[in-house]
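One structure below.
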Amino acid sequence: MASYRFSASVISRKSGRSATAAAAYRAAAHIECDRYGEAHDYRLKQCVRHAEIMAPDNAPDWMRDRAALWNAVEIAERRGDAQLAREIQLSLPHELNDEQRLELARAFVVEQFVARGMIADLAIHAPGRDGDDRNHHAHVMLTMRELTGEGFGKKNRSWNDRQLLEQWREEWAHHQNRTFERLGINAEVTHESYADRGIDREPEQHMGPAAAGMSRKGHKSRIAEENDTVRKRNADRAENHRKAMLVN
């Protein structure tokens with residue numbers, strides 16, 4: 001079973017974040033934030049392999065400019081605790097090459113997000129120098145308001161629906177598996193949890209770049225220690241199942 005990851009979160013002011021800073025970091029770009037009068041410059045960031053704005057046909061041309069887009073989002077949101085953008089993180093199969101990973105990510109983003117009226121800021125990251133060398137992944141920042149003429153209208157609450165989130169998770173697995181089949185690659189992913197598949201096993205937490213870097217240097221992070229504990233419990237489960245089979 002190949003590696004699968006789809007996670008969704010919201011970038012909000014309540015947690016002290018800004019859309020302009022998040023977009024600049026993910027795309028290794030320079031963005032001047034009009035709301036806060038700050039400059040976010042991440043052009044020296046090394047791991048970004050590709051970044052682009054993907055927008056519906058009815059989006060005005062200026063929204064395809066990263067700085068203009070996310071500054072407009074900041075202006076449209078007046079509340080101090082406003083939700084600014086949705087972020088989707090996708091693991092990209094290490095079994096593919098860079099071109100194939102880009103094609104896969106683009107197809108999924110267009111079908112599931114852009115076709116619904118969202119503007120997507122796609123950034124593809126290569127594995128970090130101190131992390132897992134299979135950790136190819138994509139960050140997708142999504143607008144949360146409908147497009148109206150030359151600007152943004154109301155927030156589309158239907159995009160927050162839990163069933164839609166589950167649909168996205170399932171579709172991401174389908175997109176990868178269809179790609180594997182088309183390319184003749186012997187790999188498969190699933191969006192289902194261990195519990196959904198009837199497997200008596202605890203999942204481990206995703207190791208981000210900070211935790212992976214600590215492990216590489218011989219230091220234990222909280223996540224690494226908790227994953228060690230989970231692996232021990234899973235090994236005990238497997239041994240108990242083996243003994244039960246021998247008895248039967």
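The values are calculated or read from the model by the stated rules, or taken from the named source; none is laboratory data. Source: prediction; values computed, not measured. In this analysis, Cβ positions are derived from the backbone assuming ideal geometry, glycine residues included, and neighbour counts consider all displayed protein chains. Remember, those area values only see protein heavy atoms, side chains included, never the ligands or the DNA or RNA. Shrake-Rupley method; radii C 1.70, N 1.55, O 1.52, S 1.80 Å.
Worth pointing out:
- Selection of first residues in the range 89-114 that are within 16 Å of THR190 (Cβ to Cβ) and of second residues that are open to solvent by less than 50 Å² (accessible area, probe 1.4 Å) and of a type in the set (S, T, N, Q), restricted to Cβ pairs under 8 Å at least 6 apart or on distinct chains, gives the following pairs, ordered by first then second residue: SER91/ASN135; PRO93/GLN176; PRO93/THR179.
- Residue satisfying all of: in the range 185-214; open to solvent by 80 Å² or more (accessible area, probe 1.4 Å) and modelled with pLDDT of 95 or more; nearest to GLU74 (Cα to Cα) among these: GLU188
- Verdict on ALA115 being loosely packed, with under 13 Cβ neighbours inside 10 Å, among the small types (Gly, Ala, Ser) and touching a His at 6+ places or on another chain (Cβ under 9 Å): no
- Some residue of the range 11-19 being aliphatic (A, V, I, L, M) and within 21 Å of LEU92 (Cα to Cα): no
- Check on ASN58, in contact (Cβ under 8 Å) with a residue 12 or more places away in the chain, open to solvent by less than 70 Å² (accessible area, probe 1.4 Å) and either farther than 30 Å from GLU170 by Cβ or polar (S, T, N, Q) (or both): no
- Residues in the range 88-111 that are in contact with a Ser or Thr (Cβ under 6 Å, 6 or more places away or on another chain) and surrounded by fewer than 18 Cβ atoms within 10 Å (Cβ to Cβ): GLN89 only.
- For the range 140-184, taking the residues that are surrounded by 15 or more Cβ atoms within 10 Å (Cβ to Cβ) and among the β-branched types (Val, Ile, Thr), the one that is nearest to LEU90 (Cα to Cα) is identified as VAL140.
- Contact map, the range 144-172: first residue at positive phi, second residue not polar (S, T, N, Q), Cβ cut-off under 9 Å, separation 6 or more or different chains; pairs are GLY149/PRO60.
- Candidate set: the range 122-161, residues that are among the small types (Gly, Ala, Ser) and out of contact with any Asp or Glu (no Cβ under 6 Å at 6 or more places or on another chain); chosen: the one farthest from ALA85 (Cα to Cα): GLY131
- Residue match in the range 135-143 (condition: more than 15 Å from the chain's Cα centre (by Cα) and on the phi < 0 side of the Ramachandran plot): no
- In the range 116-127, residue nearest to TRP62 (Cα to Cα) [restricted to those that are under 16 Å from the mean Cα position of the chain (by Cα) and part of a loop (DSSP other than H, G, I, E, B)]: ILE119
- Flag for TYR36 being within 25 Å of LEU165 (Cβ to Cβ), among the aromatic types (Phe, Trp, Tyr) and open to solvent by 20 Å² or more (accessible area, probe 1.4 Å): no
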